[in-house]
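Trainee: Let me begin by handing over the structure; questions about it come next.
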Amino acid sequence: MNKIPFLLFLLSYNAVADIAEYKGKVTDILIGKSEVIKVGIVESDDNVVNCLSEEDQDWKFTFERGHNYSQEWFDVLNLVRRTQETIRIGYLENNDAECAIEYLALLKGDSNIIGDGNEQVNDSLERTGQYGNIAQIFTNGLTEPSYHASNHYGSDEPAAAFDGHIFGEQLVDGEGTLINRGIWLVKKDPEDDEAEYWIQVEFEEVVNISGFRIMLNTKSAELGRGPRHITVSTSLGNGEFEEQGQYTLSKAIDQRANLANKTEAKILKIQINSNFGDSFIEIDELEVYAN
């Protein structure tokens, strides 16, 4: 599987003959108070886009908010901006203003993400899902023993939080392998205020971790089972963990966060310091990013 699967988002071909295509990298995304989102790209002598910016040449492409494709386009463009993947952008040429995007197409992954020591890191990782998850079970050498937790309730083992499913729902058709109920669940100890509750994934090799995503089903969120305050730590697999930050989450069923700094690590650990009051702590899906 490619790092980013091939996708095609097509708006319209009302004027097929007028549609040109750019193939390259996205550099910037501008979101202002208007309904127009602007996109910057890398140009070269043999890859010129015939669009003029009203103010300067930084923003070549635009698309509007509020359409059924707008959020998907933003997510895709932001992903390739962060990973520096090559993207195909179909657009209507306009020599007097920015060009309106007509479609986006993702190609086979080609990004080169460089670590602090100028060595290549993560360039061969398999990525799944909408945002490029590297922690899904049976990808990147991960199997059930790759996942650990402080404890679990019944059959709701830690690997089930990395199976591409939330309770009763597959996140992406054709991706993931359902493990039991598809959730990690642990019962809090009412007699031990010092008890720790955590879940972690251990990769075979060092990866350059940039962020994570925590998902929960609606019913469990309403019950107050979701993490509220968490501590994120990483390790190179030597038994020592380094704290990467503390996060306060909402009751939302889908939340993403970036680490303050990209961190080379083999293990990502999420410690749940509190939830929203239920006697159980639950995570349906935990995604990890290396962008």
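Trainee: Do we have G154 as touching a strand residue (DSSP E or B) at 6+ places or on another chain (Cβ under 7 Å), at pLDDT 95 or above and not in a strand (DSSP E or B) here?
Mentor: In short, no.
Trainee: Say we look at the range 157-190 and pick out the residues that are among the charged types (D, E, K, R) and assigned to a loop (DSSP other than H, G, I, E, B); which of these is nearest to T218 (Cα to Cα)?
Mentor: Looking at residues that are among the charged types (D, E, K, R) and assigned to a loop (DSSP other than H, G, I, E, B), I get R181.
Trainee: Ok, one more. Residue by residue through the range 216-241, note down the ones that are over 18 Å from K187 (Cα atoms) and not β-branched (V, I, T).
Mentor: Within the range 216-241, S233, S235, L236, G237, N238, G239, E240, F241 qualify.
Trainee: Cβ contacts < 9 Å: first residue under 20 Å from N208 (Cα atoms), restricted to the range 233-254; second residue part of a loop (DSSP other than H, G, I, E, B), any location; separation 6+ or different chain. Result?
Mentor: From the range 233-254, the pairs are E242/L236.
Trainee: Based on this model, can you work out whether N112 counts as at pLDDT below 95 and either of a type outside the set (K, R) or assigned to a loop (DSSP other than H, G, I, E, B) (or both)?
Mentor: yes
Trainee: Another one. From the residues in the range 130-151 that are farther than 15 Å from I267 by Cα and surrounded by fewer than 23 Cβ atoms within 10 Å (Cβ to Cβ), which one is farthest from the chain's Cα centre (by Cα)?
Mentor: N151
Trainee: Across the range 234-262, what is the number of residues that are among the polar types (S, T, N, Q) and surrounded by 18 or more Cβ atoms within 10 Å (Cβ to Cβ)?
Mentor: Count: 2.
Trainee: I would also like to ask the following. Give the number of residues within the range 192-236 that are among the small types (G, A, S) and closer than 25 Å to T83 by Cα.
Mentor: Count: 4.
Trainee: Further question: Go through (1) modelled with pLDDT of 90 or more; (2) at positive phi; (3) surrounded by fewer than 22 Cβ atoms within 10 Å (Cβ to Cβ) for L171 and report which single condition fails.
Mentor: Among (1) modelled with pLDDT of 90 or more; (2) at positive phi; (3) surrounded by fewer than 22 Cβ atoms within 10 Å (Cβ to Cβ), L171 violates only (2).
Trainee: Further question on the same structure: Those residues that are within 21 Å of the chain's Cα centre (by Cα) and either over 14 Å from Y22 (Cβ atoms) or modelled with pLDDT under 85 (or both), I need them from the range 33-64; list them, please.
Mentor: Matches in the range 33-64: I37 only.
Trainee: Continuing with the same structure: In the range 155-163, is there at least one residue being assigned by TED's automatic domain parsing to the domain that holds F276 and over 18 Å from I272 (Cβ atoms)?
Mentor: Checked the range 155-163: at least one residue is assigned by TED's automatic domain parsing to the domain that holds F276 and over 18 Å from I272 (Cβ atoms).
Trainee: Another one. Going residue by residue through the range 199-209, is there one that turns out to be crowded, with 20+ Cβ neighbours inside 10 Å, touching a residue at least 12 places away in the same chain (Cβ under 8 Å), in contact with a strand residue (DSSP E or B) (Cβ under 8 Å, 6 or more places away or on another chain) and more than 24 Å from L79 (Cβ to Cβ)?
Mentor: yes
Trainee: If you don't mind, there's one more thing I want to ask. May I ask you to list the residues in the range 191-239 that are assigned to a loop (DSSP other than H, G, I, E, B), of a type outside the set (D, E, K, R) and farther than 26 Å from I253 by Cβ?
Mentor: Result: L236, G237, N238, G239.
Trainee: Moving to a separate point now. Does any residue in the range 262-291 that is touching a residue at least 40 places away in the same chain (Cβ under 8 Å) and assigned by TED's automatic domain parsing to the domain that holds S155 come within less than 7 Å, Cβ to Cβ, of a residue that is surrounded by 23 or more Cβ atoms within 10 Å (Cβ to Cβ) and among the basic types (K, R) six or more places away or on a different chain, and which pairs are these?
Mentor: N275/R225; D278/R225; F280/R225; I281/R225; E282/R225
The values are calculated or read from the model by the stated rules, or taken from the named source; none is laboratory data. Because the structure is predicted, anything quoted here is derived from the model rather than measured. Backbone-built Cβ (ideal geometry, glycine too); neighbour counts: all protein chains shown.
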